[in-house]
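The structure under discussion appears below in the form of structure tokens.
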Amino acid sequence: TIPDPFTALVAELTDFQRGVSRPGRLSLVGTMLQENTDPQVQQRYQARVIHPRRHRITAILQAAQALGQIDHDADLTLAVPMCTGTWYGRALAGDPIPTDWPTRTATLVWRALGGEAREAQS
């Protein structure tokens, strides 16, 4: 079980930001979107990077539902990619990523799913 899903979501997004901010990582994502990238390479990237992260975020949000912290009928199929999509959207637009991006994004998603505004526990 996940005792504090909101804090877990902030931690997951912090880990995502740390990983995607490393040199060359954004260009790797771009490569995965190219039509001429080997489909097997794309599938391995999805299996090793994308799907595990989405699974963890889904589990966090499902725990929040089970605890009644977000709406039981919240649309997780859109919320999960929204969690990381805000980072990519800013990066691709050339906008600086705020230092508090993980908390702000978690708060936005949390509230969109019917949760009360809150702070992550340290």
Within region 58-71, can you find the residues that are open to solvent by 90 Å² or more (accessible area, probe 1.4 Å) and either in contact with a strand residue (DSSP E or B) (Cβ under 7 Å, 6 or more places away or on another chain) or touching a residue at least 40 places away in the same chain (Cβ under 8 Å) (or both)? LEU67
Checklist (1) under 15 Å from the mean Cα position of the chain (by Cα); (2) at pLDDT below 95 applied to LEU92, failing item: (1)
Answer with yes or no whether SER27 is of a type in the set (Ser, Thr, Tyr), modelled with pLDDT of 80 or more and farther than 21 Å from GLY115 by Cβ. no
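Here is a yes/no grid of residues against (1) open to solvent by 70 Å² or more (accessible area, probe 1.4 Å); (2) hydrophobic (A, V, I, L, M, F, W, C); (3) touching a residue at least 12 places away in the same chain (Cβ under 8 Å); (4) touching a Ser or Thr at 6+ places or on another chain (Cβ under 6 Å):
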position: VAL20; (1), (2), (3), (4): no, yes, yes, no
position: ARG25; (1), (2), (3), (4): yes, no, no, no
position: ILE50; (1), (2), (3), (4): no, yes, no, no
position: ARG56; (1), (2), (3), (4): yes, no, yes, no
position: ALA74; (1), (2), (3), (4): no, yes, yes, no
position: PRO81; (1), (2), (3), (4): no, no, yes, no
position: ARG90; (1), (2), (3), (4): yes, no, no, no
position: PRO102; (1), (2), (3), (4): no, no, yes, yes
position: ALA106; (1), (2), (3), (4): no, yes, yes, no
Report whether or not PHE16 is within 18 Å of ALA64 (Cβ to Cβ), aromatic (Phe, Trp, Tyr) and under 12 Å from the mean Cα position of the chain (by Cα). yes
Kindly indicate whether any position in region 31-45 is in contact with a helix residue (DSSP H, G or I) (Cβ under 8 Å, 6 or more places away or on another chain) and open to solvent by less than 30 Å² (accessible area, probe 1.4 Å). yes
Criterion first (at pLDDT 95 or above, part of a helix (DSSP H, G or I), open to solvent by 60 Å² or more (accessible area, probe 1.4 Å) and of a type in the set (S, T, N, Q)) does THR7 satisfy it? no
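The values are calculated or read from the model by the stated rules, or taken from the named source; none is laboratory data. Keep in mind the model is a prediction, meaning the values are calculated, not measured. Because the Cβ atoms are built from the backbone with ideal geometry, glycine has one as well, and the counts that use them run over all protein chains shown. Quick note on the areas: whole protein, heavy atoms, side chains included, nothing else; ligands and nucleic acids left out. Shrake-Rupley method; radii C 1.70, N 1.55, O 1.52, S 1.80 Å.
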